[in-house]
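Data block below; observations after.
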Amino acid sequence: MKKELIIAVCSLTMIVALTACGPAVTGKTEGSSAQTMELENQKTSASVIHNPVGNSHKILIAYFTYPENTDAKAIHSDKYDVMASASLNARDGKAVGNNAVLAMYMAGKTGADTVSILTEKPYPESYDETVAQGKKEIENSELPALKTHVTDLSGYDTVILIYPNWWGTLPAPVQTFLHDTDLSGKNIYAVVTSGGSGFSDTIQLIQQLEPGASVKEGFALHHSDMADAEGAAQKWLETTGWLQ
């Protein structure tokens, strides 16, 4: 699992072992529009954040990012070494999870609403402890309780699910979200960030957890390509017909 708080550069061994490595970002990525920045500036919430310009395409972007699921206040300091992180992006002196960057960019381009998948119990501040906890959750088929609960999905036809690849599969909190949320009748587009494993078995697992939905591959992003994450998202969005 590697969408984590990392103070030193991940070793090659870790990258191979922890296929959850979130895409690396080397520096600040400029916001694409005033709308995107407005979404970014909203406080992280366990509730759906409605797009201020409206949501004509009826899209919900649900994303899971480690920095929003930890007590580690150090990652929100301008002193944190995001250059050494495989999970963080530097924006205006603040550390932001790469999957949050993707979610906000795509919301800004499509008018989609967003929701962050947040656990009741934060992940440890320690990188090693978080790695161990994530592995244990997956091996023991644990479903950690969430603060995030989306009960009314009547306004959405499409769900874009953004997540890291942890230990070759879906992070346990994402599995909880899918277990607790009925997405029957929706189109689910998977967007995964990883250190090299891509989708692995995640498409099949999403379909298993959401048998009444139509699950499709969106795009996979390797950590080494995170500097052009917005370009990759833009290229994919141009194929969907959702751009505003």
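Please treat every number below as a calculation from the coordinates, not as lab data. Because the structure is predicted, anything quoted here is derived from the model rather than measured. Heads up, the Cβs are rebuilt from the backbone with ideal geometry, glycines too, and the neighbour counts pull from every protein chain shown.
Can you pull out the residues in the range 176-185 that are closer than 16 Å to residue 144 by Cα and assigned to a loop (DSSP other than H, G, I, E, B)? 181, the sole residue that qualifies.
Only one entry of 211, 173, 144 meets the criterion of being in a loop (DSSP other than H, G, I, E, B) and in contact with a strand residue (DSSP E or B) (Cβ under 6 Å, 6 or more places away or on another chain), and that entry is 144. Only residues that are surrounded by 19 or more Cβ atoms within 10 Å (Cβ to Cβ) and either touching a Gly at 6+ places or on another chain (Cβ under 8 Å) or on the phi > 0 side of the Ramachandran plot (or both): list them for the range 199-212, please. Within the range 199-212, 200 is the sole residue that qualifies.
In the condition set (1) buried (at least 17 other Cβ atoms within 10 Å of the Cβ); (2) in a loop (DSSP other than H, G, I, E, B), residue 196 is compliant with all but (1). If you go through the range 150-175 and keep only what is out of contact with any Ser or Thr (no Cβ under 8 Å at 6 or more places or on another chain) and farther than 15 Å from residue 113 by Cβ, you end up with 171, 172, 174, 175.
Check 209, 243 and return the single one that is more than 15 Å from the chain's Cα centre (by Cα), closer than 23 Å to residue 50 by Cβ and of a type in the set (A, V, I, L, M).
Criteria check complete, one pass: 243.
When the range 151-170 is filtered for residues that are within 16 Å of residue 187 (Cα to Cα), in contact (Cβ under 8 Å) with a residue 60 or more places away in the chain and assigned to a loop (DSSP other than H, G, I, E, B), the ones remaining, listed by number, are 153, 155, 156, 157.
Selection of the range 139-150 for residues being more than 14 Å from residue 179 (Cβ to Cβ) and either β-branched (Val, Ile, Thr) or surrounded by 11 or more Cβ atoms within 10 Å (Cβ to Cβ) (or both) yields only 147.
Pairs are defined by a Cβ separation below 6 Å, a sequence spacing of at least 6 or placement on different chains, a first member in the range 189-201 that is without any contact (Cβ under 8 Å) to a residue 60 or more places away in the chain and within 20 Å of residue 159 (Cα to Cα), and a second member that is aliphatic (A, V, I, L, M) and in a strand (DSSP E or B); the pairs so defined are 189/160; 190/161; 192/220; 198/220; 199/192; 199/220.
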